[in-house]
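A short worksheet on the structure shown next.
The values are calculated or read from the model by the stated rules, or taken from the named source; none is laboratory data. Bear in mind the structure is a predicted one, so any value in this text is a computation, not a measurement. A quick note on method: Cβ atoms are made from the backbone with ideal geometry, for glycine too, and the neighbour counts reach across all protein chains shown. Remember, those area values only see protein heavy atoms, side chains included, never the ligands or the DNA or RNA. Shrake-Rupley method; radii C 1.70, N 1.55, O 1.52, S 1.80 Å.
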Amino acid sequence: DKEMPVKFISENAFCNCNRLKSIKIPDGVTSIGKGAFYNCKNLTSITIPGSVTSIKSNLFDDCDNLSSITISDGVISIEKYAFNGLKSLTSITIHASVTSIGDYAFKDCKSLTTITIPGSVTSIGWEAFSGCENLCSISIGDGVTSIGDHALSIGDSVTSIGNGAFEGCNSATI
């Protein structure tokens, strides 16, 4: 028997797989359908290979325990709602191949504390990080030319903004 490599994961493919705890999607998978991991309540970590060029909408809806995501080099776009509402997400690695982060992509990721957006990203969508109330460190690369309305929320826990925090933002309205 000849092995057939997996090329794509269909919409809702792992929906409600509550025993799924960790997954490393193999290189060669080029597409993951919307909601593929919907309601995988015990999923805690996932690695998305660079062969997947776009992370689709609502991929991880209701994955309440997903805390770590690695987006490998080769992924180009993170679509709207891709990681929306992941309350346990504390860590995400975004490689330099990503050029856009869609609307609401990380909205309400309440445990996310730090994120680095590489210089390859040119646009950050509307409310992309809105509701990330524990986000205390964000680094935005030099390539970003567009940040959508309400993209970032400054939570109630912020008591001071340091010297030069918005240095070089000559055209910004804050």
Checklist outcome for this item: Site Asp149, offset 7 angstrom along Cα→Cβ, radius 20 Å on amide nitrogen, limited to segment 88-112, gives 101-108
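Please compute the contact order of segment 1-138 in relative form: average sequence separation of alpha-carbon pairs under 8 Å and at least six residues apart, divided by the residue count, as a percent.
Here the relative contact order equals 17 percent.
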Item to check | Total charge dipole magnitude, segment 1-138, about the Cα centre, Cβ charges on Lys, Arg, Asp, Glu only, Debye to nearest 20 | outcome: 220
Item to check | Dipole-positive endmost among Leu112, Ala128, Ile140 within the chain (Cβ charges, Cα centre) | outcome: Leu112
Checklist outcome for this item: dims of segment 38-92, Cα set, principal axes, largest to smallest, nearest Å -> 27, 18, 16
Checklist entry - When we measure straight from the Cα of Lys41, which lysines land under 16 angstrom away, once same-chain ones fewer than 8 places off are left out? => result Lys21, Lys87
Checklist entry - How much length, in nm to one decimal, is gained on full extension between Ser88 and Lys24, taken as 0.36 nm per residue of separation minus their Cα-Cα distance? => result 21.2 nm
Checklist entry - Which of Ala151, Cys17, Asn65 sits farthest toward the positive end of the charge dipole of the chain, with +1 on the Cβ of Lys and Arg and -1 on the Cβ of Asp and Glu? => result Cys17
Item to check | Solvent-accessible surface ranking, highest first, for Cys15, Cys132 at 1.4 angstrom | outcome: Cys15, Cys132
Checklist outcome for this item: accessible surface per residue for segment 25-113, probe 1.4 Å, DNA/RNA/ligands not counted, whole Å² -> 34
Next on the checklist: Using a 1.4 Å probe on the protein heavy atoms, what percent of the accessible area of segment 12-157 belongs to carbon and sulfur?
Outcome noted: 47
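Taking 0.36 nm per residue of separation and subtracting the Cα-Cα distance, what length does fully extending Thr53 through Lys110 add?
17.9 nm
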Checklist outcome for this item: For Asn134, placing the label point 7 angstrom along Cα-to-beta-carbon and taking segment 96-120, residues whose amide nitrogen sits under 11 Å are 109-114
Item to check | Computed FRET value (nearest 0.05) for Asn16 with Ser68, which takes r as the C-beta separation and R₀ as 22 Å | outcome: 0.55
Item to check | Per residue convex hull volume, Cα atoms of the chain, in Å³ | outcome: 96
Checklist entry - Tell me which lysines have Cα within less than 18 Å of Lys34's Cα, excluding those fewer than 8 residues away on the same chain? => result Lys7, Lys24, Lys56, Lys80, Lys107
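Going by accessible area, probe 1.4 Å, with all protein chains left in place, what is the ranking of Glu79, Glu133, Glu127, Glu3, largest first?
These residues rank, largest area first, as Glu3, Glu133, Glu79, Glu127.
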